[in-house]
1. Using Cα atoms only, what is the angle between the long axis of helix 68-83 and the major principal axis of the chain, expressed in degrees (0 to 90) to the nearest 10?
2. Find how many whole Å separate the alpha carbon centroid of segment 9-26 from the alpha carbon centroid of segment 41-90.
3. Quick one: go through segment 69-83 and flag any residue whose amide nitrogen is under 17 Å from the point 7 Å out along the Cα-to-Cβ line of residue 16.
4. Can you give the three extents of the C-alpha atoms in the chain along their principal axes, from longest to shortest, in whole Å?
5. Lys and Arg at +1, Asp and Glu at -1: add these up for the other residues within a Cβ distance under 9 Å of residue 59 and post the number.
6. How many lysine pairs does the chain hold where the Cα atoms are under 20 Å apart and the two sit 8 or more places apart or on different chains?
7. Tabulate in residue order the Karplus-calculated ³J(HN,Hα) for segment 17-23, using 6.51 cos²θ - 1.76 cosθ + 1.60 with θ = phi - 60°, rounded to whole Hz; enter x for Gly and Pro.
Amino acid sequence: MNFNKFFELAKSKGIEECQLTVSKSTSLSFEAYHGEIESFNSHSSLGVIAKGLVNGKFGTAACDVYNNKKAEWLVQEIINNAKVIEDDDP
């Protein structure tokens, strides 16, 4: 996965500082009975949390899939969420 796209977009859209946290987990389970495999499960999940400052306001966004379109979505959501902050405190 190329996360540079997110940082390039964030900078071009005026996000002053940004952070991207990515977590990935994988699990594997199976059940055996008398030497025969009864069930087998494999699961993988991804979590992406993006944070940034827009005009001194904090915005955040999260998703569970990451690609170039999601990079654009995350940047836009940070901007949208920062705009709704009513408090003037930094």
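1. Value to nearest ten degrees: 50.
2. 7
3. Label zone hits: 78-83.
4. 66, 27, 15
5. So the environment of residue 59 carries a net charge of +2.
6. Final tally of qualifying lysine pairs is 23.
7. Ordered by residue, 3J(HN,Hα) equals 9, 8, 9, 10, 10, 10, 10 Hz.
A short reminder: the numbers here are calculations on the coordinates, not readings from a lab. Please read these numbers as outputs of a predicted model, since none were measured by experiment. So basically every Cβ, Gly included, is an ideal-geometry build from the backbone, and we count neighbours across all protein chains shown.
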